Each structure stands twice: as C-alpha cells, then as structure tokens.
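Quick notes on the structure that follows.
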Amino acid sequence: MKLATLCYVKDGNKTLMLYRNKKENDYHEGKWNGLGGKLEIRESPEDCARREVFEESGLIVKDLQLKGFITFPLFDGKDDWYVWLYFITDWEGELKDSPEGELAWIDDDKLSELNLWDGDKIFIDWMFKGKTFSAKFNYNNGNYVNHEVSFY
C-alpha cells in the first residue's frame with residue numbers, strides 16, 4: 001500500500017503542472033501530473049504535500065485546500081495507492097528546475113488537452129467545480145477501467 005498526495009498549485013486561471021520526463025523508470029513518464037508524492041514516516045498528508053511541492057518546484061505552500069481522496073487499487077500493478085488531492089492557492093517563492101520533469105503553468109481550460117491519465121481528466125473536472133469527493137479509480141495495465149465516487 002502506498003500513501004501519497006497530489007497537489008494542484010493555482011495562479012489565477014493557470015495551474016502548475018509537471019511533465020514527467022526526467023526520472024529513470026518513472027511509471028508516469030510522458031504524462032502530465034500535479035505535484036506530489038509518497039508520504040514519509042511521521043508525515044501527515046499535509047506535511048507531505050508541503051514537502052513535495054517545495055522539493056519539486058521550490059514553492060513554499062502557505063495554505064492547502066483538501067479537494068478529495070482517491071483509491072487506486074493496484075494502480076502500478078503492485079500496490080494499492082491512496083491519494084489525498086489538494087488545491088494550493090496561497091504560496092510564495094520562485095520556481096526552480098524540478099528533478100522530476102518540466103514545470104509549466106497551464107491555462108485551466110487547456111488541462112484536458114494534456115497527456116493526462118484518463119482518470120485525472122475526470123477528477124480534475126470535479127475539483128474545478130468545487131466538489132469534494134472520495135473515489136476509487138480502477139486501472140488495468142495502465143488503462144482506465146472505471147470509477148466509483150461519492151460527493152460531499
């Protein structure tokens with residue numbers, strides 16, 4: 001089981017996205033993602049989100065808005081992933097070169113045109129509509145199968 005965060009840093013009508021193209025053996029290679037990663041020992045999801053955003057972008061998170069929680073059973077074929085999703089609208093600092101890939105501010109209305117995981121296109125829409133949710137997204141060999149969701 002893997003515990004992780006996925007963060008969408010906002011600047012007006014733009015979202016900071018990461019094109020995964022630098023890490024060796026990256027399961028997400030060639031995909032665009034928000035920022036985030038696995039929780040470390042003694043970290044809360046919020047601690048992890050702040051640390052990962054700083055490590056991947058150089059930005060200091062001042063405020064997190066929890067938007068959802070997703071379960072990805074056997075997402076990578078080995079582990080179930082449990083992921084907290086956040087919007088970050090209050091931050092400071094300057095972008096740095098990310099060790100994970102290329103960072104880019106993408107217009108919100110262009111996000112669905114990126115090479116995202118198929119499920120991301122679904123839940124990102126929920127986040128932008130102000131819906132808080134808990135969901136399960138099923139994939140098989142990297143291909144989206146289906147999902148279940150509850151909204152709050």
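The values are calculated or read from the model by the stated rules, or taken from the named source; none is laboratory data. Here the structure is a predicted model, which means the values were calculated and not measured. Glycine gets a Cβ as well: all are built from the backbone with ideal geometry, and neighbour counts include every protein chain shown.
Numbers for the structure displayed
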| read-out | value |
| --- | --- |
| Residue match in the range 49-67 (condition: part of a strand (DSSP E or B), among the hydrophobic types (A, V, I, L, M, F, W, C), in contact with a helix residue (DSSP H, G or I) (Cβ under 8 Å, 6 or more places away or on another chain) and within 22 Å of residue 115 (Cα to Cα)) | no |
| Test: residue 86 is under 16 Å from residue 4 (Cβ atoms), of a type in the set (Ser, Thr, Tyr) and either under 16 Å from the mean Cα position of the chain (by Cα) or at pLDDT 95 or above (or both) | yes |
| Residue in the range 89-123 that is nearest to residue 143 (Cα to Cα), counting only those that are under 14 Å from the mean Cα position of the chain (by Cα) and charged (D, E, K, R) | 118 |
| Those strands (runs of 3 or more DSSP E) lying entirely in the range 74-152 with at least 2 residues more than 26 Å from residue 54 (Cβ to Cβ), touching a strand residue (DSSP E or B) at 6+ places or on another chain (Cβ under 8 Å) and not hydroxyl-bearing (Ser, Thr, Tyr) | 133-140, 143-151 |
| Tabulated pairs, the range 138-152, first modelled with pLDDT of 95 or more, second among the basic types (Lys, Arg), C-beta under 6 angstrom, 6+ apart or interchain | 148/136; 151/131 |
| Some residue of the range 14-23 being surrounded by 14 or more Cβ atoms within 10 Å (Cβ to Cβ), farther than 16 Å from residue 117 by Cα, of a type in the set (Lys, Arg) and out of contact with any helix residue (DSSP H, G or I) (no Cβ under 9 Å at 6 or more places or on another chain) | yes |
| Index of the failed condition, residue 28 passing every other in (1) under 15 Å from the mean Cα position of the chain (by Cα); (2) at pLDDT 95 or above | (2) |
| Residue match in the range 82-93 (condition: β-branched (Val, Ile, Thr) and either without any contact (Cβ under 8 Å) to a residue 40 or more places away in the chain or within 16 Å of residue 20 (Cβ to Cβ) (or both)) | yes |
